[in-house]
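What follows is one structure encoded as C-alpha cells, with my remarks underneath.
What follows draws every value from the coordinates through simple rules; no lab data is involved. Every value quoted in this text rests on a predicted model; they were computed, and no experiment measured them. Here Cβ is always computed from backbone atoms with ideal geometry, including for glycine, and neighbour counts include all displayed protein chains.
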Amino acid sequence: MINWNELSTLSNLEKAVEQSFTHPIVIFKHSTRCPISQMALDRFERKWDASIADGLETYFLDLIAHREISNMIASQMEVQHESPQVLVIRDGKCVYSETHQAIRVEDVLSSIKN
C-alpha cells in the first residue's frame, strides 16, 4: 500500500520539492473525472511494493481540485501537463515523467535507482 502525502497547497509542493534535495520523491497527478486516470492509479497502487520503495516519499495530486498546483508543477519542472502523470523529482528537477498507460511502478523505481 502506498502512503500518499496529499499535495493540496502550493506550500505542500514547495516542501515536497525541498525534500527532493535529500532523496527523490514521486508525484502522481490524478484526474478524478477520468476513467483512464483511475485505471492508471489503481494499477500503480496494486503493483506498488513498499518493501522495495522503503522510505520513498510519494505525493498525490487531485488536479481537478488543485489545478493551480498542477500548473505550478508543469512550469517549475518544465513538463507538459498530462493526466494521469507520474513524476520523479530529484534535486528540484524532474528526472522522470510518464503518462497514461505507460505509467509503470517498475520504471519509476528504476529511475530512482539511476
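General observations
- Subset of segment 14-59 [in contact with a His (Cβ under 9 Å, 6 or more places away or on another chain) and buried (at least 17 other Cβ atoms within 10 Å of the Cβ)]: Lys29, Ser37, Ala40, Leu41, Leu56, Glu57
- Members of segment 95-111 found to be assigned to a loop (DSSP other than H, G, I, E, B) and of a type in the set (Val, Ile, Thr), listed by number: Ile103
- Contact map, segment 77-96: residues that are within 16 Å of Lys113 (Cβ to Cβ) paired with residues that are in a loop (DSSP other than H, G, I, E, B), Cβ distance under 6 Å, separation 6+ or inter-chain. Pairs shown: Val86/Ile103; Val88/Pro24; Ile89/Ser20; Arg90/Ser20; Arg90/Pro24; Asp91/Phe21.
- Single residue of segment 63-88 satisfying the filter (of a type in the set (Val, Ile, Thr) and surrounded by fewer than 19 Cβ atoms within 10 Å (Cβ to Cβ)) that is nearest to Arg33 (Cα to Cα): Ile64
- If the condition is being among the charged types (D, E, K, R) and not in a loop (DSSP other than H, G, I, E, B), then segment 45-85 contributes Glu45, Arg46, Lys47, Glu57, Asp62, Arg67, Glu68.
- Checklist (1) assigned to a loop (DSSP other than H, G, I, E, B); (2) in contact with a Pro (Cβ under 7 Å, 6 or more places away or on another chain) applied to Val88, failing item: (1)
- Test: residue in segment 56-73 that is over 14 Å from the mean Cα position of the chain (by Cα) and under 20 Å from Ile2 (Cα atoms): no
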